[in-house]
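Here's the structure we're looking at; comments come further down.
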Amino acid sequence: MRLSITYLYVIFQYGYPHSIRDVLAALPQIRRLGFRFLEMEGLGAAHLRAMYAHRKTVAAALADCGLHVHNFCVVDPALVSLNAGKRRKALDGFRMGAELGALFGSETLHLASYAPPVRYISAKPYELGGKRKYAFANQTRVRIPACFRWQSVWDALVTSCRACADIAAGHGKTVIMEPRVGEVICSVDSLLRLIEDVRRPNFQANFDTGHFSAQRENVVLALKKLEGNFANIHISDNDPVNPNHLPIGEGSIDWLEFFRVLKGMKYRGYLGLDLGMSQTMVQDYRRSVERIREIASQLKLSVEV
């Protein structure tokens with residue numbers, strides 16, 4: 001297994017979205033933190049276009065820092081729009097993201113399902129707050145439009161995921177779906193149903209311990225339920241009173257059993273540390289790495305950083 005750092009680190013350091021200058025400034029920081037593997041994102045259409053326009057500069061900076069991007073995420077809610085024309089336009093952006101993933105040598109391309117198209121009385125469950133920072137709403141209230149049909153939402157998601165998987169297949173890549181609290185795909189069973197409906201061999205799940213715990217899934221049981229159907233893992237701790245992504249060992253997840261089960265699965269992929277914003281964020285990453293190393297040593301499990 002290889003321990004990586006997710007793009008939340010860059011987002012929390014520089015805002016959402018941020019400039020290419022910020023991207024380039026973040027890369028040596030990530031290397032100084034001790035990571036050699038990372039995930040990157042195109043944060044909306046404008047940020048994705050900027051990443052694409054400066055792709056050679058970014059690729060050179062990655063090489064200079066000795067960093068490997070193993071997962072590239074295209075962030076665009078229009079990918080699941082009920083409007084077919086908007087989805088087709090968003091797929092052009094995904095093609096751009098797939099090219100970036102291919103240039104960077106990424107093994108996977110990453111999707112999200114986003115919040116259902118209902119009217120939110122307050123904040124959406126997972127969206128930008130003030131100063132371009134993520135806000136995780138613990139409670140949401142909605143109003144259902146008269147024209148709302150869940151099947152239409154589901155059909156749009158399935159159609160988009162199939163198209164993305166087909167584009168990714170042309171680059172020899174696997175597409176992974178992120179589960180997030182309050183979104184269309186939020187649970188193990190919704191992921192399993194989506195994988196079954198998409199029916200593409202290169203479409204799998206991104207296993208996310210923090211979101212599954214916040215969704216009140218038993219994380220270790222969820223691991224077994226999704227066995228053979230995930231191609232990447234995000235790890236953070238969590239107490240299921242809220243969706244906060246805590247440092248490893250500071251929540252309620254049974255990490256010793258999690259890694260014991262993962263070892264039994266002979267998982268050889270990536271573990272992306274996906275920690276939330278705090279005043280001690282750098283120390284949180286370092287403590288989390290050390291705790292993972294301690295557990296790995298106890299289990300005689302190989303974890304490469």
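Rule-based calculations on the coordinates, nothing more; no lab input. Quick caveat: nothing in here was measured; it's all calculated off a predicted structure. Using ideal geometry, Cβ is built from the backbone for each residue, glycine included, and neighbour counts are taken over all protein chains shown.
Odds and ends about this structure:
- Whole-Å distance, taken between Cα centres, linking segment 1-36 and segment 239-285: 18 Å
- Extension gain, LEU221-ASP189: 0.36 nm per intervening residue step, less the Cα-Cα distance, totals 10.3 nm.
- Reference-scaled alpha-carbon Rg (2.2 N^0.38 Å with N residues) for segment 1-109: 1.05
- Comparing SER19, SER106, SER288 in a Gaussian network model of the chain where C-alpha atoms under 10 Å apart are linked, the largest mean-square fluctuation is found at SER19.
- The GNM of the chain, with springs linking C-alpha atoms under 10 angstrom apart, assigns the highest mean-square fluctuation among LEU226, LEU111, LEU275 to LEU226.
- Fewest neighbouring Cβ atoms within 10 Å first, the residues ILE253, ILE11 line up as ILE11, ILE253.
- Sorted largest first, the spans of the alpha carbon positions of segment 69-199 along the three principal axes are 42, 34, 29 Å.
- For segment 1-55, averaging the sequence separation of C-alpha pairs within contact (under 8 Å, six or more residues apart) and dividing by the residue count gives a relative contact order of 47 percent.
- Label point distance in nm, ASP92-VAL118, each placed 7 Å from Cα along Cα→Cβ: 3.4 nm
- Cut-off 19 Å, label 7 Å out along Cα→Cβ of ARG49, residues of segment 1-31 by amide N: 16-23
- Restricting attention to the chain, lysine pairs at least eight places apart or on different chains and with alpha-carbon atoms under 25 angstrom apart total 19.
- Whole-angstrom Cα spans of segment 159-278 along principal axes, big to small: 41, 31, 25
- For segment 17-69, projected area of the alpha-carbon convex hull averaged over all directions, nm²: 3.2 nm²
- Matching the structure-derived semi-axes √(5λ) of the Cα gyration tensor in Å against the labelled list [x] 27, 23, 20; [y] 40, 21, 18; [z] 39, 27, 19 gives the label [x].
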